[in-house]
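The values are calculated or read from the model by the stated rules, or taken from the named source; none is laboratory data. Worth saying up front: this structure is predicted, and the values here are computed from it rather than measured. Glycine also receives a Cβ, built like all others from the backbone with ideal geometry; neighbour counts cover every protein chain displayed. Side chains are part of the model used for accessible areas, which takes the heavy atoms of the whole protein and leaves out ligands, DNA and RNA. Shrake-Rupley method; radii C 1.70, N 1.55, O 1.52, S 1.80 Å.
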Amino acid sequence: MAARSKGVKLYGTSFNGHTSMVECALRLKGVAYEYVEEDRKNKSEALLKLNPVHKQVPVLVVDGKPIAESLIILQHIDDVWKDPPHLPEDPYKRAKVRFWADFVGKKVVPIMHTIVTLKGDEQKTAAEEFAGYLMTMEDGIREELWTGGPFVNGDNPGLLDVVMGSSYVWIKFIEAVAGVKLAKREETPLLCSFMEAFVELDAVKELMTPPEVLLQSRGNPGAKPTATSGD
Amino acid sequence: MAPPSDDLKLLGSWASSYTHRVQLALKLKGLAFEYAEEDLADKSPSLLLHNPVYKKVPVLLHRGRPVLESVIILHYLDETWPDVPLVPADPYDRALARFWCHFVDDKLGPAVGAVFASPSEGQAAAVEQVHENLRLVERELREGAFAGRRFFGGDKIGVLDIVLGCGSYWLAVFEDVMEVKLVDPEAFPLFHSWLRDFEEQEEVKAIIPAIDRLLEYARGVRQMMLGLSPQQQ
(Lines give C-alpha, C1' and ligand atoms only; values in the text may rest on other atoms or scores of the structure.)
Protein backbone atom coordinates (compact mmCIF):
# COMPACT_ATOMS: atom_id res chain seq x y z
CA MET A 1 0.00 0.00 0.00
CA ALA A 2 1.49 3.33 -1.08
CA ALA A 3 2.37 5.68 1.76
CA ARG A 4 0.35 8.86 1.89
CA SER A 5 2.11 12.22 1.48
CA LYS A 6 1.01 15.81 1.11
CA GLY A 7 3.36 16.62 -1.75
CA VAL A 8 1.26 14.70 -4.25
CA LYS A 9 -2.52 14.58 -4.18
CA LEU A 10 -4.84 12.71 -6.51
CA TYR A 11 -8.50 13.65 -6.83
CA GLY A 12 -10.40 10.71 -8.23
CA THR A 13 -13.50 8.60 -8.21
CA SER A 14 -13.83 4.91 -7.36
CA PHE A 15 -14.65 2.60 -10.22
CA ASN A 16 -13.42 5.15 -12.72
CA GLY A 17 -11.04 4.03 -15.47
CA HIS A 18 -9.23 7.35 -15.86
CA THR A 19 -8.59 7.60 -12.13
CA SER A 20 -7.27 4.05 -11.92
CA MET A 21 -4.92 4.71 -14.87
CA VAL A 22 -3.28 7.52 -12.91
CA GLU A 23 -3.16 5.59 -9.65
CA CYS A 24 -1.50 2.68 -11.41
CA ALA A 25 1.16 4.97 -12.84
CA LEU A 26 1.88 6.53 -9.46
CA ARG A 27 2.17 3.15 -7.79
CA LEU A 28 4.42 1.74 -10.50
CA LYS A 29 6.73 4.70 -10.01
CA GLY A 30 6.65 4.27 -6.23
CA VAL A 31 5.30 7.78 -5.70
CA ALA A 32 3.68 8.47 -2.34
CA TYR A 33 0.39 10.29 -2.73
CA GLU A 34 -2.73 11.33 -0.91
CA TYR A 35 -5.97 10.20 -2.46
CA VAL A 36 -9.13 12.29 -2.32
CA GLU A 37 -12.38 10.56 -3.27
CA GLU A 38 -14.75 12.78 -5.21
CA ASP A 39 -18.48 12.26 -5.38
CA ARG A 40 -19.30 12.34 -9.07
CA LYS A 41 -22.74 13.76 -8.32
CA ASN A 42 -21.55 16.35 -5.84
CA LYS A 43 -18.16 17.69 -6.84
CA SER A 44 -16.12 19.49 -4.24
CA GLU A 45 -15.26 23.19 -4.43
CA ALA A 46 -11.63 22.13 -4.43
CA LEU A 47 -12.05 20.02 -7.57
CA LEU A 48 -13.97 22.72 -9.42
CA LYS A 49 -11.19 25.19 -8.60
CA LEU A 50 -8.44 22.80 -9.63
CA ASN A 51 -10.07 21.85 -12.93
CA PRO A 52 -12.32 24.73 -13.91
CA VAL A 53 -12.14 23.88 -17.61
CA HIS A 54 -13.50 20.33 -17.48
CA LYS A 55 -14.66 19.99 -13.85
CA GLN A 56 -13.64 16.34 -13.87
CA VAL A 57 -11.49 13.77 -12.15
CA PRO A 58 -8.76 12.76 -12.21
CA VAL A 59 -6.71 15.78 -11.18
CA LEU A 60 -3.18 15.33 -9.91
CA VAL A 61 -1.79 18.09 -7.72
CA VAL A 62 1.99 18.17 -7.34
CA ASP A 63 3.35 20.75 -4.89
CA GLY A 64 0.12 22.70 -5.19
CA LYS A 65 0.06 22.70 -9.00
CA PRO A 66 -2.88 20.89 -10.62
CA ILE A 67 -2.83 18.84 -13.80
CA ALA A 68 -5.93 17.39 -15.45
CA GLU A 69 -6.63 14.87 -18.24
CA SER A 70 -5.44 11.34 -17.60
CA LEU A 71 -3.08 10.96 -20.59
CA ILE A 72 -1.48 14.32 -19.83
CA ILE A 73 -1.12 13.34 -16.18
CA LEU A 74 0.55 10.06 -17.19
CA GLN A 75 3.13 11.91 -19.28
CA HIS A 76 3.66 14.38 -16.46
CA ILE A 77 4.29 11.59 -13.98
CA ASP A 78 6.92 10.21 -16.34
CA ASP A 79 8.51 13.66 -16.74
CA VAL A 80 8.77 14.24 -12.99
CA TRP A 81 9.63 10.74 -11.74
CA LYS A 82 11.94 9.42 -14.40
CA ASP A 83 12.69 6.05 -12.90
CA PRO A 84 11.61 3.53 -14.05
CA PRO A 85 10.86 5.11 -17.44
CA HIS A 86 7.40 4.61 -18.92
CA LEU A 87 8.36 5.81 -22.37
CA PRO A 88 11.14 4.60 -24.67
CA GLU A 89 14.27 6.71 -25.08
CA ASP A 90 14.17 6.74 -28.85
CA PRO A 91 12.11 9.70 -30.15
CA TYR A 92 10.56 7.65 -32.95
CA LYS A 93 9.34 4.97 -30.56
CA ARG A 94 8.12 7.66 -28.17
CA ALA A 95 6.07 9.08 -31.02
CA LYS A 96 4.56 5.63 -31.59
CA VAL A 97 3.65 5.22 -27.92
CA ARG A 98 2.04 8.67 -27.96
CA PHE A 99 0.20 7.83 -31.18
CA TRP A 100 -1.36 4.69 -29.71
CA ALA A 101 -2.19 6.37 -26.40
CA ASP A 102 -3.90 9.12 -28.40
CA PHE A 103 -5.72 6.44 -30.45
CA VAL A 104 -7.07 4.94 -27.23
CA GLY A 105 -8.39 8.34 -26.20
CA LYS A 106 -9.86 9.15 -29.62
CA LYS A 107 -11.32 5.77 -30.58
CA VAL A 108 -11.25 3.10 -27.88
CA VAL A 109 -12.59 5.07 -24.91
CA PRO A 110 -15.57 6.59 -26.76
CA ILE A 111 -16.70 3.25 -28.16
CA MET A 112 -16.44 1.70 -24.69
CA HIS A 113 -18.89 4.33 -23.44
CA THR A 114 -21.21 3.73 -26.36
CA ILE A 115 -21.37 -0.08 -26.34
CA VAL A 116 -23.12 -0.33 -23.00
CA THR A 117 -25.83 2.14 -24.00
CA LEU A 118 -26.85 0.21 -27.11
CA LYS A 119 -28.91 -2.92 -27.65
CA GLY A 120 -29.24 -5.75 -30.15
CA ASP A 121 -27.77 -5.22 -33.61
CA GLU A 122 -26.50 -1.72 -32.79
CA GLN A 123 -24.57 -3.10 -29.88
CA LYS A 124 -23.20 -5.91 -32.01
CA THR A 125 -21.99 -3.38 -34.57
CA ALA A 126 -20.35 -1.28 -31.86
CA ALA A 127 -18.68 -4.39 -30.44
CA GLU A 128 -17.30 -5.21 -33.88
CA GLU A 129 -15.99 -1.65 -34.18
CA PHE A 130 -14.31 -2.00 -30.80
CA ALA A 131 -12.77 -5.35 -31.75
CA GLY A 132 -11.51 -3.70 -34.94
CA TYR A 133 -9.76 -0.97 -32.95
CA LEU A 134 -8.09 -3.58 -30.75
CA MET A 135 -6.85 -5.41 -33.84
CA THR A 136 -5.51 -2.16 -35.27
CA MET A 137 -3.62 -1.57 -32.02
CA GLU A 138 -2.37 -5.15 -31.99
CA ASP A 139 -0.87 -4.77 -35.46
CA GLY A 140 0.61 -1.38 -34.68
CA ILE A 141 2.19 -2.51 -31.43
CA ARG A 142 3.57 -5.65 -33.01
CA GLU A 143 5.12 -3.79 -35.93
CA GLU A 144 6.34 -0.69 -34.18
CA LEU A 145 6.96 -1.36 -30.50
CA TRP A 146 6.96 -4.99 -29.40
CA THR A 147 10.33 -6.36 -28.32
CA GLY A 148 9.17 -9.66 -26.85
CA GLY A 149 7.22 -8.47 -23.83
CA PRO A 150 5.91 -9.22 -21.31
CA PHE A 151 4.94 -5.56 -21.69
CA VAL A 152 4.81 -3.10 -24.58
CA ASN A 153 7.52 -1.21 -22.72
CA GLY A 154 9.60 -4.40 -22.43
CA ASP A 155 10.48 -6.01 -19.11
CA ASN A 156 8.68 -3.32 -17.14
CA PRO A 157 5.29 -1.73 -17.81
CA GLY A 158 5.13 1.64 -19.49
CA LEU A 159 2.54 4.18 -20.53
CA LEU A 160 0.65 2.00 -23.01
CA ASP A 161 0.67 -0.91 -20.58
CA VAL A 162 -0.84 1.39 -17.95
CA VAL A 163 -3.47 2.73 -20.33
CA MET A 164 -4.61 -0.62 -21.73
CA GLY A 165 -3.76 -2.74 -18.71
CA SER A 166 -5.87 -0.64 -16.36
CA SER A 167 -8.70 -0.76 -18.91
CA TYR A 168 -8.70 -4.56 -18.94
CA VAL A 169 -11.16 -4.85 -16.08
CA TRP A 170 -13.44 -2.41 -17.91
CA ILE A 171 -13.22 -4.47 -21.07
CA LYS A 172 -14.27 -7.51 -19.04
CA PHE A 173 -17.03 -5.45 -17.41
CA ILE A 174 -18.41 -4.42 -20.80
CA GLU A 175 -18.16 -8.00 -22.03
CA ALA A 176 -20.33 -9.06 -19.08
CA VAL A 177 -22.84 -6.24 -19.48
CA ALA A 178 -23.19 -6.52 -23.23
CA GLY A 179 -22.82 -10.29 -23.44
CA VAL A 180 -20.19 -9.98 -26.18
CA LYS A 181 -16.56 -10.99 -26.38
CA LEU A 182 -14.39 -7.97 -27.11
CA ALA A 183 -10.78 -8.95 -26.39
CA LYS A 184 -10.19 -12.25 -28.18
CA ARG A 185 -6.89 -14.00 -27.67
CA GLU A 186 -6.89 -15.45 -31.19
CA GLU A 187 -7.30 -11.97 -32.67
CA THR A 188 -5.22 -9.87 -30.27
CA PRO A 189 -2.73 -12.20 -28.57
CA LEU A 190 -0.21 -9.47 -27.65
CA LEU A 191 -2.83 -7.15 -26.17
CA CYS A 192 -4.35 -9.96 -24.15
CA SER A 193 -0.98 -11.12 -22.90
CA PHE A 194 0.30 -7.74 -21.72
CA MET A 195 -3.06 -6.72 -20.24
CA GLU A 196 -3.21 -9.99 -18.29
CA ALA A 197 0.38 -9.54 -17.15
CA PHE A 198 -0.40 -5.99 -16.06
CA VAL A 199 -3.37 -6.76 -13.80
CA GLU A 200 -1.23 -9.32 -11.94
CA LEU A 201 1.50 -6.86 -11.01
CA ASP A 202 1.90 -6.51 -7.25
CA ALA A 203 2.04 -2.73 -7.46
CA VAL A 204 -1.39 -2.41 -9.07
CA LYS A 205 -3.21 -5.62 -8.22
CA GLU A 206 -5.41 -4.13 -5.51
CA LEU A 207 -6.53 -1.35 -7.88
CA MET A 208 -7.79 -3.82 -10.46
CA THR A 209 -11.39 -4.11 -9.29
CA PRO A 210 -12.86 -7.43 -10.42
CA PRO A 211 -15.61 -7.06 -13.05
CA GLU A 212 -18.18 -8.61 -10.67
CA VAL A 213 -17.57 -5.81 -8.20
CA LEU A 214 -17.78 -3.22 -10.98
CA LEU A 215 -21.11 -4.71 -12.02
CA GLN A 216 -22.40 -4.49 -8.47
CA SER A 217 -21.21 -0.90 -8.07
CA ARG A 218 -23.11 0.11 -11.18
CA GLY A 219 -26.40 -1.47 -10.16
CA ASN A 220 -28.23 -3.43 -12.80
CA PRO A 221 -26.13 -4.61 -15.71
CA GLY A 222 -28.64 -2.94 -18.00
CA ALA A 223 -28.14 0.45 -16.42
CA LYS A 224 -25.86 2.94 -18.16
CA PRO A 225 -22.46 2.94 -16.46
CA THR A 226 -20.03 5.78 -16.99
CA ALA A 227 -17.50 3.04 -17.37
CA THR A 228 -14.45 4.87 -18.55
CA SER A 229 -15.25 8.57 -18.42
CA GLY A 230 -13.46 11.05 -16.28
CA ASP A 231 -16.43 12.51 -14.44
CA MET B 1 24.66 15.53 -31.67
CA ALA B 2 21.54 16.33 -33.65
CA PRO B 3 21.25 14.37 -36.92
CA PRO B 4 21.25 16.30 -40.19
CA SER B 5 17.79 16.99 -41.49
CA ASP B 6 18.61 15.84 -44.96
CA ASP B 7 15.86 13.26 -45.11
CA LEU B 8 12.70 15.01 -44.01
CA LYS B 9 9.53 14.97 -46.05
CA LEU B 10 6.17 16.45 -45.14
CA LEU B 11 2.90 15.31 -46.67
CA GLY B 12 0.43 18.12 -46.20
CA SER B 13 -2.37 20.23 -47.53
CA TRP B 14 -2.14 23.99 -48.16
CA ALA B 15 -5.35 24.82 -46.26
CA SER B 16 -4.74 22.47 -43.34
CA SER B 17 -3.88 24.27 -40.12
CA TYR B 18 -2.45 20.99 -38.79
CA THR B 19 -0.01 21.02 -41.71
CA HIS B 20 0.86 24.65 -41.00
CA ARG B 21 1.78 23.73 -37.43
CA VAL B 22 4.46 21.37 -38.67
CA GLN B 23 5.68 23.75 -41.38
CA LEU B 24 6.01 26.53 -38.80
CA ALA B 25 7.88 24.29 -36.36
CA LEU B 26 10.29 23.19 -39.10
CA LYS B 27 10.86 26.82 -40.07
CA LEU B 28 11.44 27.96 -36.48
CA LYS B 29 13.94 25.16 -35.98
CA GLY B 30 15.68 25.90 -39.27
CA LEU B 31 15.13 22.40 -40.63
CA ALA B 32 15.10 21.82 -44.38
CA PHE B 33 12.49 19.45 -45.74
CA GLU B 34 10.76 18.31 -48.89
CA TYR B 35 7.07 19.18 -49.12
CA ALA B 36 4.45 17.17 -50.98
CA GLU B 37 0.97 18.66 -51.42
CA GLU B 38 -1.81 16.12 -50.99
CA ASP B 39 -5.09 16.31 -52.84
CA LEU B 40 -7.40 15.32 -50.00
CA ALA B 41 -10.06 14.29 -52.49
CA ASP B 42 -7.57 11.91 -54.12
CA LYS B 43 -5.08 10.80 -51.50
CA SER B 44 -1.70 9.54 -52.64
CA PRO B 45 -0.62 5.92 -52.16
CA SER B 46 2.17 7.27 -49.96
CA LEU B 47 -0.28 8.94 -47.58
CA LEU B 48 -2.47 5.86 -47.38
CA LEU B 49 0.58 3.66 -46.82
CA HIS B 50 2.09 5.80 -44.07
CA ASN B 51 -1.12 6.75 -42.25
CA PRO B 52 -3.46 3.80 -42.72
CA VAL B 53 -5.24 4.42 -39.40
CA TYR B 54 -6.47 7.96 -40.08
CA LYS B 55 -5.47 8.61 -43.72
CA LYS B 56 -4.85 12.25 -42.84
CA VAL B 57 -2.26 14.96 -43.22
CA PRO B 58 0.18 15.97 -41.91
CA VAL B 59 2.54 13.03 -42.15
CA LEU B 60 6.20 13.65 -41.41
CA LEU B 61 8.58 11.18 -42.97
CA HIS B 62 12.04 11.08 -41.41
CA ARG B 63 14.36 8.64 -43.13
CA GLY B 64 11.23 7.15 -44.65
CA ARG B 65 9.59 6.46 -41.28
CA PRO B 66 6.27 8.15 -40.59
CA VAL B 67 5.46 10.33 -37.59
CA LEU B 68 1.76 11.11 -37.29
CA GLU B 69 -0.52 13.63 -35.57
CA SER B 70 0.65 17.26 -35.53
CA VAL B 71 1.22 17.64 -31.76
CA ILE B 72 3.11 14.33 -31.67
CA ILE B 73 5.18 15.51 -34.65
CA LEU B 74 6.08 18.73 -32.79
CA HIS B 75 7.27 16.68 -29.81
CA TYR B 76 9.27 14.44 -32.14
CA LEU B 77 10.95 17.42 -33.77
CA ASP B 78 11.90 18.82 -30.38
CA GLU B 79 13.28 15.53 -29.13
CA THR B 80 15.27 14.89 -32.30
CA TRP B 81 16.51 18.47 -32.86
CA PRO B 82 16.64 20.10 -29.41
CA ASP B 83 17.88 23.50 -30.68
CA VAL B 84 15.17 26.17 -30.64
CA PRO B 85 12.99 24.20 -28.22
CA LEU B 86 9.23 24.43 -28.67
CA VAL B 87 8.04 22.24 -25.81
CA PRO B 88 8.70 23.75 -22.37
CA ALA B 89 11.57 22.30 -20.36
CA ASP B 90 9.82 22.56 -16.99
CA PRO B 91 7.53 19.52 -16.45
CA TYR B 92 4.62 21.58 -15.12
CA ASP B 93 4.81 24.13 -17.95
CA ARG B 94 4.99 21.23 -20.32
CA ALA B 95 1.87 19.58 -18.85
CA LEU B 96 0.00 22.89 -19.07
CA ALA B 97 1.03 23.36 -22.70
CA ARG B 98 -0.17 19.84 -23.49
CA PHE B 99 -3.44 20.44 -21.65
CA TRP B 100 -4.22 23.56 -23.66
CA CYS B 101 -3.08 21.98 -26.93
CA HIS B 102 -5.59 19.24 -26.24
CA PHE B 103 -8.22 21.87 -25.42
CA VAL B 104 -7.64 23.50 -28.80
CA ASP B 105 -8.03 20.21 -30.66
CA ASP B 106 -10.81 18.79 -28.52
CA LYS B 107 -12.97 21.86 -27.74
CA LEU B 108 -12.07 25.17 -29.36
CA GLY B 109 -11.24 23.88 -32.84
CA PRO B 110 -14.43 21.83 -33.23
CA ALA B 111 -16.48 24.75 -31.85
CA VAL B 112 -15.03 27.07 -34.50
CA GLY B 113 -15.67 24.43 -37.15
CA ALA B 114 -19.26 24.13 -35.95
CA VAL B 115 -19.83 27.85 -36.61
CA PHE B 116 -18.78 27.29 -40.17
CA ALA B 117 -20.84 24.15 -40.61
CA SER B 118 -24.01 25.27 -38.90
CA PRO B 119 -27.12 26.34 -40.76
CA SER B 120 -28.34 29.84 -39.90
CA GLU B 121 -30.67 28.60 -37.16
CA GLY B 122 -27.85 26.97 -35.25
CA GLN B 123 -25.41 29.84 -35.61
CA ALA B 124 -26.06 31.77 -32.42
CA ALA B 125 -25.54 28.66 -30.29
CA ALA B 126 -22.39 27.73 -32.22
CA VAL B 127 -20.96 31.24 -31.81
CA GLU B 128 -21.72 31.20 -28.08
CA GLN B 129 -19.83 27.91 -27.77
CA VAL B 130 -16.77 29.52 -29.35
CA HIS B 131 -17.05 32.46 -26.97
CA GLU B 132 -17.32 30.13 -23.99
CA ASN B 133 -14.10 28.42 -25.04
CA LEU B 134 -12.32 31.70 -25.80
CA ARG B 135 -13.31 32.99 -22.36
CA LEU B 136 -11.43 30.08 -20.82
CA VAL B 137 -8.33 30.91 -22.85
CA GLU B 138 -8.68 34.62 -22.05
CA ARG B 139 -8.94 33.87 -18.34
CA GLU B 140 -5.83 31.75 -18.48
CA LEU B 141 -3.97 34.61 -20.13
CA ARG B 142 -5.30 37.08 -17.59
CA GLU B 143 -5.03 35.15 -14.32
CA GLY B 144 -3.59 31.73 -14.97
CA ALA B 145 -0.11 30.35 -15.55
CA PHE B 146 0.36 32.36 -18.75
CA ALA B 147 -0.44 35.74 -17.17
CA GLY B 148 2.03 38.42 -18.16
CA ARG B 149 3.61 36.48 -21.00
CA ARG B 150 3.85 37.79 -24.51
CA PHE B 151 3.44 34.30 -25.92
CA PHE B 152 2.27 31.10 -24.26
CA GLY B 153 5.85 29.92 -24.66
CA GLY B 154 7.23 33.05 -22.95
CA ASP B 155 9.26 35.57 -24.94
CA LYS B 156 9.32 33.25 -27.90
CA ILE B 157 6.72 31.15 -29.65
CA GLY B 158 6.28 27.66 -28.24
CA VAL B 159 4.22 24.59 -28.99
CA LEU B 160 0.95 26.04 -27.67
CA ASP B 161 1.37 29.25 -29.68
CA ILE B 162 1.87 27.13 -32.77
CA VAL B 163 -1.13 24.88 -32.07
CA LEU B 164 -3.52 27.70 -31.15
CA GLY B 165 -2.12 30.16 -33.63
CA CYS B 166 -2.22 27.91 -36.68
CA GLY B 167 -5.94 27.72 -36.93
CA SER B 168 -6.86 31.01 -35.31
CA TYR B 169 -6.65 32.69 -38.70
CA TRP B 170 -9.84 30.81 -39.52
CA LEU B 171 -11.57 33.02 -36.96
CA ALA B 172 -11.14 36.09 -39.16
CA VAL B 173 -12.07 34.10 -42.26
CA PHE B 174 -15.26 32.74 -40.72
CA GLU B 175 -16.16 36.15 -39.32
CA ASP B 176 -16.12 37.42 -42.89
CA VAL B 177 -17.82 34.47 -44.59
CA MET B 178 -20.42 33.83 -41.92
CA GLU B 179 -20.86 37.51 -40.96
CA VAL B 180 -20.48 36.84 -37.26
CA LYS B 181 -18.27 38.37 -34.59
CA LEU B 182 -16.04 35.74 -33.05
CA VAL B 183 -13.15 37.69 -31.53
CA ASP B 184 -14.30 41.05 -30.23
CA PRO B 185 -11.10 42.79 -29.07
CA GLU B 186 -13.02 44.29 -26.17
CA ALA B 187 -14.32 40.94 -24.96
CA PHE B 188 -11.04 39.10 -25.56
CA PRO B 189 -8.29 41.75 -25.33
CA LEU B 190 -5.45 39.42 -24.35
CA PHE B 191 -6.30 36.75 -26.90
CA HIS B 192 -6.62 39.42 -29.54
CA SER B 193 -3.25 41.00 -28.80
CA TRP B 194 -1.55 37.58 -28.53
CA LEU B 195 -2.92 36.60 -31.95
CA ARG B 196 -1.80 39.88 -33.49
CA ASP B 197 1.72 39.40 -32.10
CA PHE B 198 1.77 35.78 -33.29
CA GLU B 199 0.69 36.66 -36.81
CA GLU B 200 3.34 39.37 -37.03
CA GLN B 201 6.21 36.93 -36.52
CA GLU B 202 8.23 36.60 -39.72
CA GLU B 203 8.10 32.81 -39.69
CA VAL B 204 4.34 32.83 -39.23
CA LYS B 205 3.81 35.29 -42.07
CA ALA B 206 5.84 33.02 -44.31
CA ILE B 207 3.70 29.97 -43.52
CA ILE B 208 0.08 31.10 -43.30
CA PRO B 209 -1.65 31.39 -46.67
CA ALA B 210 -2.85 34.80 -47.85
CA ILE B 211 -6.20 35.70 -46.35
CA ASP B 212 -7.73 36.16 -49.81
CA ARG B 213 -6.92 32.58 -50.67
CA LEU B 214 -8.40 31.35 -47.40
CA LEU B 215 -11.53 33.46 -47.91
CA GLU B 216 -12.02 32.13 -51.41
CA TYR B 217 -11.57 28.58 -50.19
CA ALA B 218 -13.97 29.05 -47.26
CA ARG B 219 -16.63 30.70 -49.42
CA GLY B 220 -16.42 27.82 -51.87
CA VAL B 221 -16.78 25.20 -49.15
CA ARG B 222 -19.66 27.08 -47.51
CA GLN B 223 -21.54 27.36 -50.77
CA MET B 224 -21.11 23.67 -51.43
CA MET B 225 -22.31 22.92 -47.94
CA LEU B 226 -25.40 25.03 -48.47
CA GLY B 227 -26.11 23.12 -51.67
CA LEU B 228 -25.43 26.02 -54.02
CA SER B 229 -23.12 25.65 -56.96
CA PRO B 230 -19.62 26.93 -56.21
CA GLN B 231 -18.68 30.16 -57.94
CA GLN B 232 -16.35 29.88 -60.88
CA GLN B 233 -12.90 31.11 -59.92
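Count, for each residue of B:99-107, the Cβ atoms from other chains sitting within 10 Å of its Cβ, then give me the mean as a whole number. Mean shielding by partner chains, rounded to a whole number: 3. Annotation: the antiparallel percentage among DSSP beta bridges lying fully within chain A is about 70. Applying the criteria of a DSSP loop state and at most 10 other Cβ atoms within 10 Å to the trypsin sites (Lys or Arg not before Pro) of the range B:34-104 yields B:63. Every pair of different Cα atoms in the protein assembly as shown enters the Kirkwood calculation, which places the hydrodynamic radius at 23.6 Å. Label-to-label distance, residue A:128 versus residue B:32, with points set 7 angstrom from Cα along the beta-carbon direction: 5.1 nm. Taking every DSSP beta bridge that has both ends in the protein assembly as shown, the antiparallel portion is near 70%.
Its Cα gyration tensor gives chain B an equivalent ellipsoid. The semi-axes, each the square root of 5 times an eigenvalue, are 28, 25, 15 Å from largest down. Across B:222, B:213, the residue with the most accessible area heads the list, and the full order at a 1.4 Å probe is B:213, B:222. Calculate the translational D of the range A:1-69 in whole µm² s⁻¹ from Stokes-Einstein, where the hydrodynamic radius comes from the Kirkwood formula applied to all Cα pairs, the temperature is 20 °C and the viscosity 1.002 mPa s. Estimated via Stokes-Einstein, D reaches 179 µm²/s. Applying 1/(1 + (r/R0)^6) with R0 = 60 Å to the Cβ-Cβ distance of residue B:176 and residue A:44 gives a FRET efficiency near 0.85.
Can you pull the one-decimal nm distance between simple spin-label points at residue B:43 and residue B:187, each 7 Å off the Cα toward Cβ? Result: 3.6 nm between the two label points. For residue A:181, the lysines whose Cα comes closer than 21 Å to its Cα, not counting residues fewer than 8 places off in the same chain, are A:107, A:119, A:124, A:172, A:224.
Taking GluC sites (Glu not before Pro) in DSSP loop conformation with at most 16 other Cβ atoms inside 10 Å as exposed sites, chain B has its longest uninterrupted site-free stretch at B:1-178.
Two tests apply to each whole DSSP H helix in chain A, Cα reach of 20 Å or more along its axis and mean Kyte-Doolittle hydropathy of at least 0.0, and the ones passing both are A:159-178.
Given +1 at the Cβ of Lys and Arg, -1 at the Cβ of Asp and Glu and no other charges, the dipole of the range B:1-128 around its Cα centre is 180 debye to the nearest 20. In chain A, inverting the average of 1/r over every pair of distinct C-alpha atoms gives 18.0 Å as the Kirkwood radius.
Across the range A:98-175, Cα pairs under 8 Å and at least six residues apart give a relative contact order of 27 percent. Each 10 Å bin, from zero up to the one with the longest distance, holds this percent of the alpha carbon pairs of the range B:1-86: 18, 56, 23, 3, 0. Compared with the direct C-alpha span, the chain from residue B:14 to residue B:219 gains 72.2 nm at full extension, assuming 0.36 nm per residue. Which longest run of chain A has no exposed loop site in it, a site being trypsin sites (Lys or Arg not before Pro) in a DSSP loop with at most 13 other beta carbons within 10 Å, and the site itself not part of the run? With trypsin sites (Lys or Arg not before Pro) excluded where exposed in loops, chain A gives A:120-180 as its longest stretch. Remark: chain B carries a charge dipole of roughly 400 debye about the Cα centre, counting +1 on each Lys and Arg Cβ and -1 on each Asp and Glu Cβ. Counting only lysines at least 8 places from residue A:49 when in the same chain, those with an alpha carbon closer than 20 Å to its own are A:6, A:9, A:41, A:65, B:107. Computed extension length for residue A:207-residue A:106: 33.9 nm, one decimal, from 0.36 nm per residue of separation with the Cα-Cα distance subtracted. With the biggest extent put first, the Cα atoms of the range A:18-148 measure 45, 41, 22 Å across the principal axes.
Take chain A and mark each of the GluC sites (Glu not before Pro) that is in a DSSP loop with at most 13 other Cβ atoms within 10 Å; the longest unmarked stretch, sites excluded, is A:90-185.
Lysines near residue A:93 by alpha-carbon distance under 19 Å, same-chain residues fewer than 8 away left out - which ones? Once the sequence-local lysines are set aside, what remains near residue A:93 is A:82, B:9. Partner shielding of B:54-64 amounts to 1, given as the average count of beta-carbon atoms from other chains within 10 Å of each residue beta-carbon. Projected onto planes of every orientation and averaged, the convex hull of the alpha-carbon atoms in the range A:77-208 covers 8.1 nm². Take the convex hull of the alpha carbons in the range B:165-222; its mean projected area over all directions comes to 3.9 nm².
With all pairs of different C-alpha atoms in the average, the Kirkwood value for the hydrodynamic radius of the range B:107-205 is 13.9 Å.
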